[in-house]
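The values are calculated or read from the model by the stated rules, or taken from the named source; none is laboratory data. This is a predicted model, so every value here is computed, not measured. Please note: Cβ atoms are built from the backbone with ideal geometry, for glycine as well, and neighbour counts cover all protein chains shown.
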Amino acid sequence: MTMSEVAEVLQAEVLVKGDGLLRRVGHVMASDLMSDVLLVDEEDMLLLTSLASDQVLRTAQIVGAVGVVVVNGKPLPSSMVNVANDLHMTLATSRLSKYDACVAVHAARHPL
Amino acid sequence: MNAPGSQPPVVPDDRPELGETGNDPLVLLELIQRLKVRDVMTPDLVTLPRAASMQQAQELMRQKKISGVPVEENGRFFGLVSIDDIIRALVAGTIHESCGRHMTTKLVVLEDDMPLSFALRYFDRYHYGRFPVLNRDRRLVGIICQRDINRALLVELTRELQRLESASVQRGGEGAAGSLYLLREFPICKYDFENAGKAANQIKQVLQEKQFASKVIRRIAVAAYELEINLCVHSDGGVLSWQVSSGRAEVIARDAGPGIEDVEWACRDGTSTANEWIRSLGFGAGMGLVNVRRVSDEFEIASKKGSGTTVKAVIYIEGGAA
């Protein structure tokens, strides 16, 4: 699935298209702990998080993530959009909870 | 504001944020963090005692072509006679009276060991033409005006340019890491989460431009990012430097305190002294140094409680674990 397709599954609003919208999402990581995100070695990873801060985007850039989706419909600080633009990082927001977002992506990749 | 010689000077609690001047050249930002007020101020002062008349002050200002005279006795600072004070004395007919009576005493002062960035913030905030500079013993040691800052920055920028020209950049072939030489330093401020991570982001972008292998880039970037966050979270501020040469990349984090009591403990999984606020930002899980060691081919840490910490991570670019 591409990041664009995942965004659709998550009913997400894409705030910054960045460089990742057409990239393939091979792995999904759901975490609010950036220290854990930095331990992951997968390059085609999508980060689902309920943490709405610039550091999420900086961490995602460091690990080469495809994009970031902030869940729970959290309002994002305007600085996040600026940082995402600077880093060419795809940024979206979804009303789904972190758990439901994981379930939705899994169901889309592995339909019953 | 505070009267000189009595209370400590006003220190803004909101430190100069790099983000506020985010479009400025980084070299300039590094300079204003690195330089101290004492490096920039004018130390050779023309002063008057309190008993001198306002007319003497006026004459001294005319002779020396200065716009203010500090009033001090034996190093103790009492106030400043400005052009405004002289005009007021002329209008009120008190020009023959003493400086001690008509000088300005409600002054904002700077300390000589403050970073230049504080001085810039003061000029921006208070719109004064000059600030007296006191040392830790509350003695008057200098005066600083905008002209001093401009002159010092020009001198330092010229030095920096000469250093950069002589140190870098000897390019090899495209992506030929063995002959490429890159060197860069970033000052990192304590709790500056607005900017934490920017240095590592820039390091990664440079490595991508130079077309290093993606796995090598990732390891260098992770080491730099973890060390940068560590400086921001745990140190009193420090410098993150990195260099690439002779088939290896070195990322070094240096700080001047507070130091680590038990280095072995600090390098274990899940051990951290971070507070809840830092954890709420997604950091402080105690994995930072562990992760730096994980991505490094060589890892060194030296620290002493009460002094500084230096962490060095080396990643081999050719034939390494990438």
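If a residue must be at pLDDT 95 or above, out of contact with any Lys or Arg (no Cβ under 7 Å at 6 or more places or on another chain) and aliphatic (A, V, I, L, M), how many such residues does the stretch A:64-79 contain?
Residues that pass the stated criteria total 4.
Note down all Cβ pairs under 9 Å where the first residue falls in the stretch B:266-278 and is farther than 17 Å from B:LYS305 by Cβ and at pLDDT below 70, the second is of a type in the set (Phe, Trp, Tyr) and part of a loop (DSSP other than H, G, I, E, B), and they're at least six residues apart or on different chains.
B:ALA274/B:PHE283
Please go through the stretch B:285-308 and pick out each residue that is assigned to a strand (DSSP E or B) and of a type in the set (S, T, N, Q).
Correct list: B:SER303 only.
B:SER82 versus (1) more than 18 Å from B:LEU45 (Cα to Cα); (2) buried (at least 17 other Cβ atoms within 10 Å of the Cβ); (3) among the small types (Gly, Ala, Ser); (4) free of Cβ contacts under 8 Å to residues at least 60 places away in the same chain: which is the lone unmet condition?
B:SER82 satisfies every listed condition except (1).
Just one of A:GLY20, A:GLY26 is closer than 27 Å to B:ALA223 by Cβ and in contact with an Asp or Glu (Cβ under 7 Å, 6 or more places away or on another chain); which is it?
Going through A:GLY20, A:GLY26 in turn, the sole match is A:GLY26.
Report, by residue number, each residue of the stretch B:189-240 that is part of a helix (DSSP H, G or I), of a type in the set (Val, Ile, Thr) and more than 9 Å from chain A (Cβ to nearest Cβ).
B:ILE203, B:VAL206, B:VAL216, B:ILE220, B:VAL233
Please go through (1) among the β-branched types (Val, Ile, Thr); (2) in contact with a helix residue (DSSP H, G or I) (Cβ under 9 Å, 6 or more places away or on another chain); (3) at pLDDT 95 or above for A:VAL37 and return the number of the only condition it doesn't satisfy.
(3)
Might you let me know whether the stretch A:27-48 holds any residue that is away from chain B (no Cβ under 14 Å), without any contact (Cβ under 8 Å) to a residue 40 or more places away in the chain, of a type in the set (Asp, Glu) and out of contact with any strand residue (DSSP E or B) (no Cβ under 6 Å at 6 or more places or on another chain)?
No, there is no match, as no residue in the stretch A:27-48 is away from chain B (no Cβ under 14 Å), without any contact (Cβ under 8 Å) to a residue 40 or more places away in the chain, of a type in the set (Asp, Glu) and out of contact with any strand residue (DSSP E or B) (no Cβ under 6 Å at 6 or more places or on another chain).
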